[in-house]
Amino acid sequence: MQKIIRVSDDFWNIRGSHRIGGVVDIGTHASLVRLANDKFVFLDAYTFSGDIKRELLELTNDGKDVSAIINLHPFHTVHVRPMHRMFPDAKLYGTARHISRFPKLPWEEELAEDQDFHDLFSDDFEFSVPEGVDFISEDDKVHFSSVLAYHRQSKTIHVDDTFMLLQLPALARMIVSEQSVSFHPTLSKALKPHARAASEFRQWAKELISSWGEAENFCAAHNATLVAAENERDAISDQLKQALFAVESKLDRHERKYN
């Protein structure tokens, strides 16, 4: 089921459906962000329809004010072509894998994972790419890495598989403690096969938590959005710290294996 969550006056998170094996819906998302110049960009792609599509077109002057579509996860490719068809005049950005998968699309030359792309949008966003892990894994089932985006104006983190936010139904929370932000379970498989990988990843995560410590909103592809007004748990930065603490045993095992 599609829905729009208004995170702030300049940030909308659109929740969509993504079923594993056609059965289990783990959800997916895209975000619409109004830039300081009053144009809009989409973070990630989704095939909108019905009332959701009408609302997005109304927000963006029938799509004319959408300046860019930014694909941030190399393995999230299902909606790339439909999204481009919906907003054909928007500049199209993606990772190296997006471009190799769809070479006939009119991609901009800057890759989403590279600094020259990050510089293009530095007035509005900060971007971060995880270190110590494969960005594009040879195992196409390992979807850990993505380009994380932080929108400074709304204090919102937009992230795909690198972090997850599990939102349990109310009944389930009576039985099991609600899980907050966590790292994607494929971290162990994503870590690079050398002794420094774990420490590089740990340092990257610590710097991210420090740099984006003022974040108040958290939009994760799988399976929820956490908005400041509805956050009854710890601050986002504290939840990120807890997520890092929870994977320390994995990082320690990796270090022991390669030392």
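Bear in mind that the values in this text are calculations on the coordinates, not laboratory data. Keep in mind it's a predicted model, so treat the numbers as computed, not measured. Here Cβ is always computed from backbone atoms with ideal geometry, including for glycine, and neighbour counts include all displayed protein chains.
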Would you work out the charge dipole size for the chain about its Cα centre, treating the Cβ of every Lys and Arg as +1 and the Cβ of every Asp and Glu as -1, and quote it to the nearest 20 debye? 920
For the chain, the longest principal axis of the Cα atoms and the Cα long axis of helix 50-59 enclose an angle in degrees, to the nearest 10, of 80
Towards the positive end of the charge dipole of the chain, with charges on Cβ (+1 Lys, Arg; -1 Asp, Glu), say which of SER249, SER67, THR47 has the farthest Cα. SER249
Just list whichever of LYS189/LYS250; LYS3/LYS104; LYS141/LYS192 have alpha carbons separated by over 20 Å in the model shown. LYS3/LYS104
Cα centroid of region 103-127 to Cα centroid of region 31-77, whole Å: 16
Filtered hits (lysines, Cα-Cα < 19 Å from LYS64, offset >= 8 within chain) -> LYS39, LYS53, LYS91
Give the angle, between 0 and 90 degrees and rounded to the nearest 10, that separates the Cα long axis of helix 236-246 from the longest principal axis of the Cα atoms of the chain. 40
Taking the Cα centre of region 1-132 as origin, work out the dipole magnitude from +1 charges on Lys and Arg Cβ and -1 charges on Asp and Glu Cβ, in debye rounded to 20. 900
DSSP bridge pairs, the chain: antiparallel proportion in percent, nearest 5: 70
Listed residues GLN239, SER8, PHE183: farthest to the positive end of the dipole of the chain (Cβ charges): PHE183
Per-residue counts of other Cβ atoms within 10 Å, averaged by peptide: what ranking do you get for 192-204, 122-134, highest first? 122-134, 192-204
For semi-axes √(5λ) of the Cα gyration tensor in Å, several values are listed as (i) 36, 21, 19; (ii) 33, 20, 15; (iii) 28, 22, 18; flag the one computed from this structure. (iii)
In degrees, nearest ten, helix 197-211 long axis to first principal axis of the chain (Cα): 50
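Which of the three applies to region 106-259, rounded, prolate or oblate, going by the alpha-carbon gyration tensor with a ≥ b ≥ c and a/c under 1.5 meaning rounded? Before the final figure, lay out each step's value.
Values: a/c = 1.67, a/b = 1.08, b/c = 1.55.
Oblate shape, in that a/c is at least 1.5 and b/c is the bigger or equal ratio.
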Considering only LEU120, ASN217, ALA197, whose Cα is most displaced toward the positive end of the charge dipole of region 3-258, charges sitting on Cβ of Lys, Arg (+1) and Asp, Glu (-1)? ALA197
